[in-house]
1. Starting from residues that are outside any strand (DSSP E or B) and either touching a strand residue (DSSP E or B) at 6+ places or on another chain (Cβ under 7 Å) or touching a residue at least 12 places away in the same chain (Cβ under 8 Å) (or both), keep the ones in segment 24-37 and report whichever is surrounded by the fewest Cβ atoms within 10 Å (Cβ to Cβ).
2. Condition first: more than 16 Å from TYR86 (Cα to Cα) and either open to solvent by less than 50 Å² (accessible area, probe 1.4 Å) or among the basic types (Lys, Arg) (or both). Now tell me which residues in segment 176-193 satisfy that.
3. As an exercise: evaluate THR62 against (1) among the β-branched types (Val, Ile, Thr); (2) surrounded by 15 or more Cβ atoms within 10 Å (Cβ to Cβ); (3) modelled with pLDDT of 80 or more and give the number of the one condition it does not meet.
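The values are calculated or read from the model by the stated rules, or taken from the named source; none is laboratory data. These numbers were taken from a predicted model, which means no experiment stands behind them. Quick reminder, even Gly has a Cβ in these numbers, built from the backbone with ideal geometry, and neighbours come from all protein chains shown. Just the protein is used for accessible areas: all its heavy atoms, side chains included, with ligands, DNA and RNA removed. Shrake-Rupley method; radii C 1.70, N 1.55, O 1.52, S 1.80 Å.
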Amino acid sequence: MTTLIDETGRFDFKLLQEFATNSSADEFLAAIPHAVLVGSGLYRGWFDNKVDMKKNSRHMETVLFLQSPEQKNEVARLKMLEKHVYPLFGKVTPSNSKKNKISIGRASSNDIILLDQSISSKHAEFYVGEGKTKKLNVFSIKDLGSSNFTIVNGKRLAKFWEKELNYADVISFGRFSLVLVKPKDLYKKLKDG
């Protein structure tokens with residue numbers, strides 16, 4: 001599985017798509033059992049596009065497809081993450097042998113590396129199976145005192161505050177927005193397009 005992941009902790013999108021196309025759902029979910037973070041532009045393109053059956057036309061609800069001049073900067077920003085998918089499992093280290101802590105930031109020591117000046121070197125941490133409930137596959141996030149904040153569904157997290165997450169939550173770090181997605185939903189979208 002690690003051959004699908006580059007040095008920044010991101011899946012190689014073409015290889016991931018090829019893997020999904022050539023695998024059964026069981027094989028894919030065995031290899032990628034945990035939730036993933038999907039770039040918000042890709043997520044919106046996949047999950048928010050609806051077909052208007054009365055007019056037999058496609059209605060695009062994502063800003064990636066809006067054409068007005070004042071939205072060009074936002075479109076360019078979202079396209080940065082258009083095909084970015086990050087696994088939510090960390091590097092195995094002596095202090096993190098269970099892979100339950102996933103760090104995100106600009107520094108190369110993070111599990112997920114976002115190389116942008118809007119990202120702090122140690123921006124935030126995801127926790128798997130932690131938090132108040134201690135249930136398996138419960139995800140939470142904690143801002144590590146970042147300069148440009150961690151935002152969940154439009155609400156800024158207080159520094160060093162931990163918040164439990166739900167699937168489809170939008171998590172923003174500086175200029176990056178990612179969405180928490182179930183691996184089975186990722187598989188369906190990669191397989192079926």
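1. Across segment 24-37, the extreme among qualifying residues is PRO33.
2. Matches in segment 176-193: LYS188, LYS191.
3. (3)
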